[in-house]
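The values are calculated or read from the model by the stated rules, or taken from the named source; none is laboratory data. None of the values given here were measured: they were computed from a predicted structure. For neighbour counting, all protein chains shown are included, and Cβ atoms are generated from backbone atoms with ideal geometry for every residue, glycine included.
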Amino acid sequence: MSLQFSELGFEPNFIDYIGAWEQQRERHAAVVSGAAPNSVLLLEHAAVYTAGKRTEEHERPFDGTPVVNVDRGGKLTWHGPGQLVMYPIVRLSDAHSIRAYVHALEDIIIEVLAHFGVDGVRVDGRAGIWLLADAKGGDRKIAAIGIRVHDGVTMHGIAINANNSLAPYTQIIACGIQDAGTTTLAAETGRDITPRELLPVLKEATQKFLVPLITDIQPEEATTTGAVDTGRSEGALL
């Protein structure tokens, strides 16, 4: 089984968040109905803050910057130029194995970072992928994960900081975490690594870790695979 990758826009043609969200919803509906294959959207957003379902008022930007409320799990984050965003829109073989799906997304990020000599890790109780405290600084976040699963098909996904500015994070409490920082691949390696440079290894890692979890079979066809759709909608930022 393979995934259909679509590159929606990269520098200088950044994708407006609302427009990309609409494309996600359209592709999601097509995958649910069987009209489209399992898909992965790749892009760089124009600068925007987005707020998941658990965002609290005091976590929003304090400079009046607009925030888009979205239907993923988690809290507040920033998207923008220099950050690689991936939205997998795939039918899970087991629509209830949210943890396994998130674990696969974490593995994808960790493998991409390792390709560039950066050791990303999971941290219990904290969202996304992190670099642990070292000579360069304290614990710092380098990638975010926020998902939604509806009708057995995923939406939203991951964001990896490649060479984006870190200034927007000073305006918010990113993902609700107050005692740690944020970083980028460029800051960690001393190289100006663009989102486009991540694409080959990201696509390979996505095939490796996601394909074992997905199916082309629609729920009503699943008699022996266990891929039964309950219509549940679940969100997480883990």
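Annotations
- Residue within segment 105-116 that is part of a loop (DSSP other than H, G, I, E, B) and surrounded by 15 or more Cβ atoms within 10 Å (Cβ to Cβ) present: yes
- Among the residues of segment 24-39, those that are of a type in the set (A, V, I, L, M, F, W, C) and surrounded by fewer than 17 Cβ atoms within 10 Å (Cβ to Cβ) comprise A29, A30, A35, A36.
- If the condition is being touching a helix residue (DSSP H, G or I) at 6+ places or on another chain (Cβ under 8 Å) and basic (K, R), then segment 15-56 contributes only R54.
Every residue, every condition in (1) assigned to a helix (DSSP H, G or I); (2) among the basic types (K, R); (3) exposed (fewer than 14 other Cβ atoms within 10 Å of the Cβ), yes or no:
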| site | (1), (2), (3) |
| --- | --- |
| S2 | no, no, yes |
| E7 | no, no, yes |
| N13 | no, no, yes |
| E22 | yes, no, yes |
| L41 | no, no, no |
| T50 | no, no, no |
| R54 | no, yes, no |
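- For segment 47-65, a residue qualifies if it is in contact with a strand residue (DSSP E or B) (Cβ under 7 Å, 6 or more places away or on another chain) and not acidic (D, E), and the qualifying residues are V48, Y49, T50, A51, G52, K53, T55, R60, P61, T65.
- Residues that are touching a residue at least 40 places away in the same chain (Cβ under 8 Å) and either assigned to a strand (DSSP E or B) or in contact with an Asp or Glu (Cβ under 6 Å, 6 or more places away or on another chain) (or both) within segment 134-150 comprise G137, R140, K141, I142, A144, I145, G146, I147, R148, V149, H150, listed in sequence order.
- Residue among V201, V211 that is surrounded by fewer than 16 Cβ atoms within 10 Å (Cβ to Cβ), hydrophobic (A, V, I, L, M, F, W, C), farther than 13 Å from A95 by Cβ and modelled with pLDDT of 85 or more: V211
- Top-ranked residue of segment 95-120 - restricted to ones that are closer than 20 Å to L166 by Cα and free of Cβ contacts under 8 Å to residues at least 24 places away in the same chain, ranked as farthest from the chain's Cα centre (by Cα): D119
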